[in-house]
Amino acid sequence: MMGLPEHDPYRPKYSITTVAELTGVHPQQLRRWEKAGIVTPERSTKGTRRYSDADLDRIRQIMALTETGINQAGVEQILRLRQDLAHAESRAKRAEAQLQQQQAEHDFPHEPQ
């Protein structure tokens, strides 16, 4: 029996109209954010914007930041810093896993946490 396909949060599936309805953000604002590079929907073969669930999450983050009075430049900086932090955390986890593997391979005693 085949299982259901896993949910892919990056699969583009929403039109700009649907995203506007789901988020309450005017389509023109979505276009401005795309032009600024803070939202990057995929394009269909016919050139239509297609937003993913990950895009919706990002739009909601942008909305939350702008509702607190942060301007677009501040939003861009915050999102960039969040992304940099996520990448740094990912690299740190990989490095720790490699270290643990090397310790296991060389039978080094593990340091207490």
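For the reader, a short list of remarks on this structure follows.
- When each of L30, L65, L85 is scored by the number of other beta-carbon atoms lying within 10 Å, the sequence from fewest to most is L85, L65, L30.
- Residue-averaged [θ]222 nm for the chain, counting only DSSP H segments that reach four residues, each worth -39500 (n - 2.57): -20000 deg cm²/dmol
- Nearest 10 degrees, 0 to 90: helix 27-36 Cα axis against the chain principal axis: 50 degrees
- Taking other Cβ atoms within 10 Å as a rough exposure proxy, S90, S52 sort from fewest to most as S90, S52.
- Normalising the average separation of contacting C-alpha pairs (under 8 angstrom, six or more residues apart) by the number of residues puts the relative contact order of the chain at 22 percent.
- Each principal axis of the chain carries a Cα extent, and these read 60, 48, 22 Å when sorted largest first.
- Look at the dipole of the range 20-59 built from charges on Cβ: of V25, G37, S52, the Cα furthest out on the positive end belongs to G37.
- Charge dipole (debye, nearest 20) of the chain; +1 at Cβ of Lys and Arg, -1 at Cβ of Asp and Glu: 820 debye
- Length gained on full extension, Q83 to L22, computed as 0.36 nm times the residue gap minus the Cα-Cα distance: 19.5 nm.
FYI, it's all coordinate maths here, none of it is from the lab. Not measured: the values here are computed from a predicted model. We place every Cβ from the backbone using ideal geometry, glycine too, and count neighbours over all the protein chains shown.
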